[in-house]
1. So ARG172 clears everything in (1) more than 16 Å from the ligand (Cβ to nearest atom); (2) more than 21 Å from the chain's Cα centre (by Cα); (3) at pLDDT 95 or above except one condition, right? Which one?
2. Which of the residues spanning the stretch 55-72 are modelled with pLDDT under 90 and surrounded by 19 or more Cβ atoms within 10 Å (Cβ to Cβ)?
3. Sort out which residues of the stretch 232-275 are at pLDDT 95 or above, hydrophobic (A, V, I, L, M, F, W, C) and within 14 Å of the ligand (Cβ to nearest atom), and write them in order of number.
4. Considering (1) touching a residue at least 60 places away in the same chain (Cβ under 8 Å); (2) assigned to a loop (DSSP other than H, G, I, E, B); (3) not basic (Lys, Arg), say which one GLY42 fails and leave the rest.
5. For ALA29, are the conditions met, namely being within 23 Å of the chain's Cα centre (by Cα) and in contact (Cβ under 8 Å) with a residue 60 or more places away in the chain?
6. Within the stretch 175-205, how many residues are in a helix (DSSP H, G or I), touching a residue at least 40 places away in the same chain (Cβ under 8 Å) and under 14 Å from CYS261 (Cβ atoms)?
7. Does the stretch 26-33 contain any residue that is farther than 28 Å from ARG125 by Cβ and either in a strand (DSSP E or B) or outside the structural domain of LEU158 (by the TED database) (or both)?
8. Looking at ARG143, is it closer than 30 Å to ALA187 by Cα, in the same structural domain as GLU193 (by the TED database) and touching a Phe, Trp or Tyr at 6+ places or on another chain (Cβ under 7 Å)?
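The values are calculated or read from the model by the stated rules, or taken from the named source; none is laboratory data. Keep in mind that what you see is a predicted model, and the values were worked out from it rather than measured. Note that we place each Cβ from the backbone using ideal geometry, even for glycine, and neighbour counts take in every protein chain shown.
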Amino acid sequence: MPEGPEIRRAADKLVDAVVGKTLTRVWFAFPGLKRYETELLGQQIRQIETRGKALLTYFSNGRVLYSHNQLYGVWRVVNAGESPETKRDLRIRLETQDRAILLYSASDIEMLTVDSLGEHPFLQRIGPDVLDLSLTPEQVRERLLLPRFRRRRLSGLLLDQAFLAGLGNYLRVEILWQAQIAPQHTAAELNEEQLQRLSRALLEIPRLSYTTRGAVDENRHHGAIFSFKVFHRDGESCERCGGTIERTVLSSRPFYWCPHCQGSLAHPSESAKAG
Ligand SMILES: [Zn+2]
C-alpha cells in the first residue's frame, strides 16, 4: 500500500493537471453521486489535498469530493476526451478543457461539503498529517505522550493513522532506525533525548521521502536524499554502526532494524536503559 509521500506525489500530478480549471465534463459511476454531475459542470476545481491516505477535491461551489483508494484505487491523468484501455472499473471522470483526471477501482467515494468535512468518520479519526508543514516536532512529542498513545508499542503505534496520518511500513522502520530506537518500546519508556529524536524523525523522514525519493536528477538536491537505511536490507551492514540489519514481523508487517545500535528485541528494558 502506498504511504503518505507516494500519495502526496500522486496528488501533485492531479493538481498540476486540473486545479484552477473549469469542469467541462463530470461523470460518476455510483448512482448516489450522479446528481452531482450537472451541478459540478462549469464549476472550478479549487484544490486537491491529501489527508493521510484520503484525497479531498475541492470545488468552487463548496462541494468536496472525498475518496480513499484503499488497496486498489488509482488515479490517472489523461488528455481531455481520452479513455485509456484498461480492465479497471472507472469510478470518476473530472474533465477540463485540456486535461482530465480519472479514478479507477476505488469504492470509498463520497460527496461532502467544506462545512461537513469535520464530521466525516475517517477524517475525524485520523491524526495530523506528517506532510502538513505546520506540524512541529514539539507537537508530535506532545502527541506521543498523550494517555492514549504513550503506552503503546512504537511498532504498532507508527502504523496507526489515528496517531499520525501518512505513515506506513517503510516509513515506520526508517523512522525508528533514524531515531535509533528499538520497536518494542513505548513513548512512556523513552528518555527526553530519545523522545526528541523520535519526534524529529517522525516528520523529517516522511518529508525527505516526499521531496527526494525517486528523484531522477539527484544533482538538483543539495541536501540529504531519502534512501532506505534498513528497509529490505536484512543481512547488510548498518551504515551507522556496521552491525548486521535483521528482519522480523511486527504488527503483521515485515520489520527491519539494526539490533546493534537500535537495541535488541529480546531485552527491551535493558536496551531502553542503554538508550
Ligand atoms: Zn546500527
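1. (2)
2. Going residue by residue through the stretch 55-72, those that are modelled with pLDDT under 90 are 69-72.
ASN69 - this is the single residue of the stretch 55-72 that is modelled with pLDDT under 90 and surrounded by 19 or more Cβ atoms within 10 Å (Cβ to Cβ).
3. The answer is CYS238, CYS241, ILE245, TRP257, CYS258, CYS261.
4. The number of the failed condition is (1).
5. Here the answer is no, as ALA29 does not meet what is asked.
6. Our first condition is that a residue be in a helix (DSSP H, G or I); within the stretch 175-205, this holds for 175-179, 187-189, 192-205.
With touching a residue at least 40 places away in the same chain (Cβ under 8 Å) added as a condition, the list becomes 176-178, 187-189, 193-196, 198-200, 202-203.
After this cut, where a residue has to be under 14 Å from CYS261 (Cβ atoms) as well, the list is 176-178, 194.
Result for the stretch 175-205: 4.
7. So in the stretch 26-33, the residues farther than 28 Å from ARG125 by Cβ come out as 26-27.
Going one step further and asking which of them are either in a strand (DSSP E or B) or outside the structural domain of LEU158 (by the TED database) (or both), we end up with 26-27.
The answer is yes; a qualifying residue exists.
8. Details: closer than 30 Å to ALA187 by Cα: yes; in the same structural domain as GLU193 (by the TED database): yes; touching a Phe, Trp or Tyr at 6+ places or on another chain (Cβ under 7 Å): yes.
Here the answer is yes, as ARG143 does meet what is asked.
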